[in-house]
Each structure stands twice: as structure tokens, then as C-alpha cells.
Amino acid sequence: MWFAAAVLAVTALMLYWAWAPLRNLFRRDQLMNASFNRWHLSNAYGAFGSITRRRSEVVIEGTMDDPGPDARWLEYGFRGKPGIRPGCRASSLRTTCGWTG
């Protein structure tokens, strides 16, 4: 009995916290990636509203030379890098090849 009461209380609290993000979903000027409470339990993820064509990426380089101005640095190549087409992304569950766009 106490467990059902606790589940109902937590559900009611989450519904209360979800009201502001739900209203934001239907606004003309949506807030993207916004949080509506201090614990960040319910928020507006908004990933699709902020996707652009420009991508920043981290490049990892290494060298076998001694450090200095004449050292020759080479970039480590990673399979599945989005900028290289066609590409394959390997994961523990499946391999996905190719990107649309």
C-alpha cells in the first residue's frame, strides 16, 4: 500500500514539473535546451531546433618526433567520422553505414 502511494506521489510531482515544458512545446518562441526547475528533472531538450550544417570537431594528433617547432604531427583517423562519406559507424550492437544529406 505504501509503495503505491509513493509511486502516485512521485507521478503527481513529475506531472506538475512537466507542465512548463509541455506549455513550452506549443509556444511560438520555444526555448531550446532550457530547464524549468533547479533539479533539471523536466526540461525542453530541443535538439532538432538547434541542428546546423556547421560542425565543430576535436582533432587528435600525435608525433613520433621530438617535441619542437620541426615536429611532424599527424592526425589520428577515426572510422565513422561524419565528414567522410561513405562512412560506417561501428557500435557494440550494430554497424550503420552511410549518412543521408
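Peptides 21-33, 57-69 ranked from most to least packed, by the mean per-residue count of other Cβ atoms within 10 Å: 21-33, 57-69.
Suppose R0 equals 25 Å; then what is the FRET efficiency for Ala34 and Met14 from their Cβ-Cβ distance, rounded to the nearest 0.05? After rounding to 0.05, the efficiency reads 0.90.
Every number in this text was worked out from the coordinates using simple rules, so none of it is lab data. Predicted model only: the values in this text are computed from it and were never measured. A quick note on method: Cβ atoms are made from the backbone with ideal geometry, for glycine too, and the neighbour counts reach across all protein chains shown.
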